[in-house]
Amino acid sequence: MKKTYVKILSCVSAASFLLTLSSCGDSKKKLESTKEDKTVVMTVGEYEVPLELYKYVALNTKSDYEKGDGSDIWLGESGAAKLSELEDSINETIVHLYTTLYVCDEYGISPDDSYITDALDIQMDAIYEGYENDYDVYAEEIAEYHMNDSVYRFITRNDILSEELIHKMMDDKVIPSTDEELEGIISGPDFIHVKQILISNDNGNSEEENLALAEDILKKLNDGADFDEMIQQYGGDLYLFNTDNGYYISRGSYHEAFEEAAFSLEIGEISGIVKTDAGFSIIKRYPKDAEFIAENFNVLADDYIRGRYNLILAEKEKELSVTYTDAMEKYPVLSLK
């Protein structure tokens, strides 16, 4: 479910690619980006964005839009509006990626600091070793996610920088960090307990079919159907099939529309239909369970800290904008492969 917050699409952690292979490695030189890969197609403030990173974001975002409706989504009268929405989403994601670098500047953290580059090399070497240094197979595997080695390293470095930023913000008291502070926040109004019925984009239906189903479910709920039973019958959120706990959330951890709807609810109240990048959600707010909070305090505290960090970055994002270079004319998003 947290995927609904994150603007960075398909930012797969390094561990997810590890395989045990029997073949022998080949030259690491094959991983170097081509001249075209390095073509600067846009800028975010003072930072240049290469084609390889743009393609990674654009193709993953486009794929998400096409779930259910396929490539026909770009046709007809609504196609132009959808394309504009797609381009805005791509730009927002790229700005989000580069915002990390801007905030690092403010906190005196450089991507070229030796402890950052050393950490990056260690993580990437572990990835390569997982493929027994067979760089061809590694490159083929990540290409399925529209990535090359340079993009993978960029995303991995951003994760490392984010961890450093969080620790720095906690040290500087920008983010609360003591148990006493966090206990007060988790028990207060800035942390709530919710469950959702999710009609997922990944269920193979069109957006119109999913919306119609969500409307039917909402009518049944308004007519007195039990929310938990409806989760089991209709919900696409697999986590909630295996637990009765639901989610304890603070702002900054989920999709903004989801959070706005959830925090507007009173305990026991059910939302309307909320559209996010995961699909259509119907949310119910529940009372908090003190025993659950005590048993899961460290996880909840970490969720709050990361949510607070995300909010800080979101504010910085508003200061940044995208400018296209002339080279972008050669790479319209619908022609990318």
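The values are calculated or read from the model by the stated rules, or taken from the named source; none is laboratory data. These numbers were taken from a predicted model, which means no experiment stands behind them. Don't worry about glycine lacking a Cβ; one is built from the backbone with ideal geometry, like all the others, and counts go over all protein chains shown. In case anyone asks, the SASA skips ligands and DNA or RNA and just uses the protein heavy atoms, side chains included. Shrake-Rupley method; radii C 1.70, N 1.55, O 1.52, S 1.80 Å.
Taking the stated definitions as given, is GLU315 open to solvent by 80 Å² or more (accessible area, probe 1.4 Å) and farther than 24 Å from LYS173 by Cβ? Taking the combined requirement at face value, the residue does not satisfy it. Among residues of the range 305-331 that are under 18 Å from TYR47 (Cβ atoms), those with a beta-carbon under 9 Å from a residue that is open to solvent by 30 Å² or more (accessible area, probe 1.4 Å) and among the hydrophobic types (A, V, I, L, M, F, W, C) at least six positions away or on a different chain give the pairs THR325/VAL40; ALA327/VAL40. In the range 318-331, of all residues being open to solvent by 70 Å² or more (accessible area, probe 1.4 Å) and assigned to a loop (DSSP other than H, G, I, E, B), the one that is farthest from GLU266 (Cα to Cα) corresponds to SER321. If you take the residues of the range 28-57 that are among the polar types (S, T, N, Q) and closer than 12 Å to SER150 by Cα, which of them is surrounded by the fewest Cβ atoms within 10 Å (Cβ to Cβ)? For the range 28-57, the residue satisfying everything is THR34.
Can you pull out every residue in the range 93-114 that is surrounded by 16 or more Cβ atoms within 10 Å (Cβ to Cβ) and either assigned to a helix (DSSP H, G or I) or out of contact with any helix residue (DSSP H, G or I) (no Cβ under 7 Å at 6 or more places or on another chain) (or both)? Residues satisfying the conditions are THR93, ILE94, VAL95, HIS96, LEU97, TYR98, THR99, THR100, LEU101, TYR102, VAL103, CYS104.
Hey, does the range 265-279 have a residue that's touching a residue at least 60 places away in the same chain (Cβ under 8 Å), touching a strand residue (DSSP E or B) at 6+ places or on another chain (Cβ under 7 Å) and open to solvent by 30 Å² or more (accessible area, probe 1.4 Å)? Within the range 265-279, one or more residues are touching a residue at least 60 places away in the same chain (Cβ under 8 Å), touching a strand residue (DSSP E or B) at 6+ places or on another chain (Cβ under 7 Å) and open to solvent by 30 Å² or more (accessible area, probe 1.4 Å).
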